[in-house]
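I have placed the structure first, in the form of structure tokens, so that the comments after it can refer back to it.
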Amino acid sequence: MLLFDFFRRNSLPRMPAPQAAAHAPQPDRPAREEALAQAVGEKASALFSHRKLLCAEAILVAVNESFGSPVSEEQAVGLAAGLTAGLGDRGCLCGAIAGACLAVGALCAKGGHAATRAAVRRESAAIHEAFTRRYKSACCRVLTKPVKDDKAAHSAQCAELTGFGAQLAVRAVLRLRPELLDCPEADLGGQGRLCGRIKWLLSFFCR
């Protein structure tokens, strides 16, 4: 009886109406997508510049980590290893293009679904076109010819190509799987991974 009397005299605070949240200002999605693409590009470029990973490896690792690591880092490096330096040091297809296409396939293709594989092919074509439009070639040998005798310039150029390839991959992934922009690892707000995961999970129950 005493407990009932307490709650009768001290009513609980009113919760805001559910529809109020729907009118809360939302962050500009295109700006968030571009910020993420830039951040992942910088990460991939840094992985290359610090000589931890080569072009295709750096792109797959950076993109993979930014979208929840569907494969382990060891697997990512292994998958991309043969694509570096123009396909096994042959100077053919630039590893930045190959790594970007591999990242899109790893995150977006479903082996049993022809439609998703076709979509990945279309995005891979778009990556190739955007890259060659900017750098005038997709061939590692052609791209590196002007800097082949300058180790520092060669490294700087390949770091740039790696960063741009990662940006293209992120944009392609978000076109095919826009929901990944809200995964915890894609949050650029600086919060910890555990905090981000908890917030992401709670968002499904608090909409």
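How big, on average over all directions, is the shadow cast by the Cα convex hull of region 83-197, in nm²? Answer in nm², one decimal: 8.9.
Per the Debye calculation on region 132-176 with a single equal scatterer at every Cα and no solvent contribution, log₁₀ I(q)/I(0) for q = 0.17, 0.21, 0.24, 0.31 Å⁻¹ amounts to -0.54, -0.73, -0.87, -1.12. Between Gln38 and Glu185, the simple spin-label model (points 7 angstrom out along Cα→Cβ) gives 2.3 nm. Inter-label distance, Cys92 to Thr116: 2.8 nm, where each label sits 7 Å from its Cα along the C-beta direction. Gain on full extension, evaluated as 0.36 nm per residue between Glu65 and Ser155 minus their Cα-Cα distance, stands at 30.1 nm. The order of the peptides 117-127, 32-42, 69-79 by mean Cβ neighbours within 10 Å, most packed first, is 32-42, 117-127, 69-79.
Computed extension length for Arg133-Val147: 3.1 nm, one decimal, from 0.36 nm per residue of separation with the Cα-Cα distance subtracted. In this view, the solvent-accessible surface of Thr132, computed with a 1.4 Å probe and all protein chains in place, comes to about 40 Å².
The values are calculated or read from the model by the stated rules, or taken from the named source; none is laboratory data. What you see is a predicted model; the values in this text were computed from it and never measured. For neighbour counting, all protein chains shown are included, and Cβ atoms are generated from backbone atoms with ideal geometry for every residue, glycine included. Calculation scope for accessible area: heavy atoms of the full protein, side chains included, ligands and nucleic acids excluded. Shrake-Rupley method; radii C 1.70, N 1.55, O 1.52, S 1.80 Å.
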